[in-house]
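Peer 1: I'd like to ask some things about the structure below.
The values are calculated or read from the model by the stated rules, or taken from the named source; none is laboratory data. Computed from a prediction, not measured in an experiment: that's the story for all the values here. Cβ atoms come from the backbone with ideal geometry, glycine included; neighbour counts cover every protein chain shown.
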């Protein structure tokens with residue numbers, strides 16, 4: 001098998017030996033997985049530059065990845081299910097997003113949160129796949145070889161790096177989020193180009209070459225640096241910059257896809273590795289599912305598009321997948337000079353296909369796995385932010401954006417109305433404390449994780465018992481719930497103090513040349529825009545085209561999947577999207593009728609809607625119980641949702657009462 005060595009470095013009790021119901025105690029196993037794949041195997045030749053990857057004496061391509069397994073101490077107490085949590089920029093996700101575990105530094109011991117996955121008996125695995133993850137404790141990395149020309153020289157070519165500062169900066173690292181960069185070949189190359197735009201869809205202005213350099217500043221002096229750029233006067237907050245230059249560093253990025261495939265295949269079917277190390281899960285697994293959020297959800301779509309849901313023995317790898325907030329995109333996960341973390345609007349991650357199956361079924365994200373007979377059950381879960389990011393609706397409308405498309409029978413897709421890309425919570429603030437990104441309105445604080453737990457239960461029942469999940473829930477033409485984003489401008493501008501985006505996130509047709517895996521047109525030729533479609537809203541401005549959580553069905557605010565950049569971080573009028581990820585907003589209702597009259601707010605006040613805190617919470621419980629009946633929420637999470645409602649009520653009304661007391 002392709003996994004040849006499982007080097008276990010630590011094995012210890014998980015969560016200090018805590019017992020999780022019938023599953024009992026869990027253990028945590030960490031180490032390094034080593035792989036060797038046949039580059040001529042038909043399923044491996046889809047990896048970009050596989051033919052140019054360095055090989056060992058046996059003609060195999062070697063690479064390695066950090067891994068972690070968390071499993072029942074007694075495998076017989078598990079549920080026979082493996083959940084692969086596709087790491088996001090080297091970080092695990094499932095414990096936070098399915099177990100509602102608190103945030104913590106990557107090098108801290110994983111927190112079990114509410115223990116949901118463990119109580120249900122899942123075994124979990126994490127495996128590094130991204131080649132450029134920084135060298136930092138606790139991050140899962142993947143070490144891959146470089147592509148080399150037949151004469152032994154390094155593969156060279158053009159690359160584009162984009163960035164949009166939140167503050168004025170003098171020097172910019174040539175990577176997204178401080179990942180490992182692609183260094184320039186030529187510090188003094190006059191063929192390199194730096195451009196600037198007022199926003200990412202505005203005309204580009206070329207900055208004279210003598211005004212910038214591949215360098216960093218040290219005491220006001222430019223020090224040559226192949227991994228950084230600096231410019232006279234520095235880079236302005238909110239403006240979009242693009243650097244086009246040549247590099248000779250070409251890691252075989254797509255091998256991370258094979259690491260993901262092959263570690264799961266070995267855990268499902270392997271007994272020992274090449275040196276006799278026993279498979280910790282040998283004989284314990286009957287099914288395998290994959291969960292991925294954001295970048296790693298798009299990674300799963302890429303894996304499916306390439307047909308990589310079968311191992312080298314022809315066996316299915318994942319019976320089910322749960323891509324969360326992936327929208328209609330894939331990513332730079334199998335491309336020469338790929339930047340997997342980049343969300344630039346000029347990236348190959350904006351290329352079609354967007355639909356799972358195009359009309360006729362010959363093309364689409366799922367076309368290849370369908371042809372190979374290894375298409376999994378898939379439940380997509382998205383938020384409003386993916387729609388306001390310009391790509392969410394592309395996964396279920398026709399290419400011209402004028403009609404609904406039909407989803408395959410093995411797919412469900414749900415929009416969680418009025419939510420933002422990342423699961424949110426209190427306190428109410430207009431600023432992200434981690435990134436410093438600030439909006440003109442409060443950041444969205446709706447927590448959609450309870451419905452994610454129900455999604456996994458449905459996926460398992462669908463795979464195991466063929467029990468159909470609840471119906472699709474997203475904006476449609478048939479339901480009269482889908483609109484062009486610009487049509488909502490007047491509705492939101494009628495709310496006191498609310499700015500509506502002047503510059504939306506737009507997806508455009510891009511031409512990188514005939515081979516998306518090895519682009520030859522860099523930067524790409526830019527064509528017409530795809531339609532930007534979002535959910536229609538009700539009288540309060542809350543979305544109607546999808547699954548309405550109690551926070552939306554029984555609202556205390558208008559919740560959006562978009563926000564607008566605050567003047568303090570530059571880029572006025574632009575959608576707030578630090579790093580390319582759209583951030584949502586919350587516009588609380590006036591607390592009292594007097595507040596409403598004073599501000600001219602067209603929405604009813606909290607006291608007019610509910611009368612009292614008890615009445616509000618009773619309606620939240622009723623809404624939650626309705627979602628349980630419909631299948632979108634688990635009974636065990638009703639009290640969780642009601643508790644969240646109480647916290648938000650106290651936060652909004654309490655803030656108002658505190659202000660009144662101060663007055």
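Peer 1: What number goes with the only condition from (1) crowded, with 21+ Cβ neighbours inside 10 Å; (2) part of a loop (DSSP other than H, G, I, E, B) that residue 648 does not pass?
Peer 2: (2)
Peer 1: Shifting gears a bit: Please count how many residues of the range 562-583 are touching a helix residue (DSSP H, G or I) at 6+ places or on another chain (Cβ under 8 Å) and either surrounded by fewer than 24 Cβ atoms within 10 Å (Cβ to Cβ) or within 16 Å of residue 495 (Cα to Cα) (or both).
Peer 2: 2
Peer 1: When you check residue 469 against the structure, is it in contact (Cβ under 8 Å) with a residue 12 or more places away in the chain and either touching a strand residue (DSSP E or B) at 6+ places or on another chain (Cβ under 7 Å) or surrounded by 24 or more Cβ atoms within 10 Å (Cβ to Cβ) (or both), yes or no?
Peer 2: Working: in contact (Cβ under 8 Å) with a residue 12 or more places away in the chain: yes; either touching a strand residue (DSSP E or B) at 6+ places or on another chain (Cβ under 7 Å) or surrounded by 24 or more Cβ atoms within 10 Å (Cβ to Cβ) (or both): yes.
Judged against the criteria, residue 469 is a match.
Peer 1: Here are 82, 117: which of them is part of a strand (DSSP E or B), farther than 23 Å from residue 349 by Cβ and either modelled with pLDDT of 95 or more or outside the structural domain of residue 263 (by TED's automatic domain parsing) (or both)?
Peer 2: 82
Peer 1: Go through 297, 307, 283 for me and flag whichever is farther than 25 Å from residue 62 by Cα and surrounded by fewer than 21 Cβ atoms within 10 Å (Cβ to Cβ).
Peer 2: Checking each option against the conditions leaves just 283.
Peer 1: Residues to consider are 495, 549, 556, 488; find the one that is touching a helix residue (DSSP H, G or I) at 6+ places or on another chain (Cβ under 6 Å) and modelled with pLDDT of 95 or more.
Peer 2: Of the residues listed, the single one that is touching a helix residue (DSSP H, G or I) at 6+ places or on another chain (Cβ under 6 Å) and modelled with pLDDT of 95 or more is 556.
Peer 1: Any idea which of (1) modelled with pLDDT under 95; (2) within 21 Å of residue 512 (Cβ to Cβ); (3) touching a strand residue (DSSP E or B) at 6+ places or on another chain (Cβ under 6 Å) is the one residue 161 doesn't satisfy?
Peer 2: Checking residue 161 against (1) modelled with pLDDT under 95; (2) within 21 Å of residue 512 (Cβ to Cβ); (3) touching a strand residue (DSSP E or B) at 6+ places or on another chain (Cβ under 6 Å), the one that fails is (1).
Results for (1) outside the structural domain of residue 551 (by TED's automatic domain parsing); (2) out of contact with any helix residue (DSSP H, G or I) (no Cβ under 7 Å at 6 or more places or on another chain); (3) within 20 Å of residue 534 (Cα to Cα); (4) in contact (Cβ under 8 Å) with a residue 12 or more places away in the chain, shown as yes or no for each residue.
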| position | (1), (2), (3), (4) |
| --- | --- |
| 324 | yes, no, yes, yes |
| 330 | yes, no, yes, yes |
| 350 | no, yes, yes, yes |
| 374 | no, yes, no, yes |
| 377 | no, no, no, yes |
| 388 | no, no, yes, yes |
| 394 | no, yes, yes, yes |
| 405 | no, yes, yes, yes |
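Peer 1: Kindly indicate which of 191, 170, 178 is on the phi > 0 side of the Ramachandran plot, touching a residue at least 40 places away in the same chain (Cβ under 8 Å) and either assigned to a strand (DSSP E or B) or surrounded by fewer than 14 Cβ atoms within 10 Å (Cβ to Cβ) (or both). It would help to see each step written out before you state the result.
Peer 2: Working: 191 fails: on the phi > 0 side of the Ramachandran plot; 170 fails: on the phi > 0 side of the Ramachandran plot.
Only one candidate passes the filter, namely 178.
Peer 1: Residue 245 passes all but one of (1) surrounded by 20 or more Cβ atoms within 10 Å (Cβ to Cβ); (2) modelled with pLDDT of 95 or more; (3) part of a loop (DSSP other than H, G, I, E, B); which number fails?
Peer 2: Going through the list (1) surrounded by 20 or more Cβ atoms within 10 Å (Cβ to Cβ); (2) modelled with pLDDT of 95 or more; (3) part of a loop (DSSP other than H, G, I, E, B), residue 245 breaks only (3).
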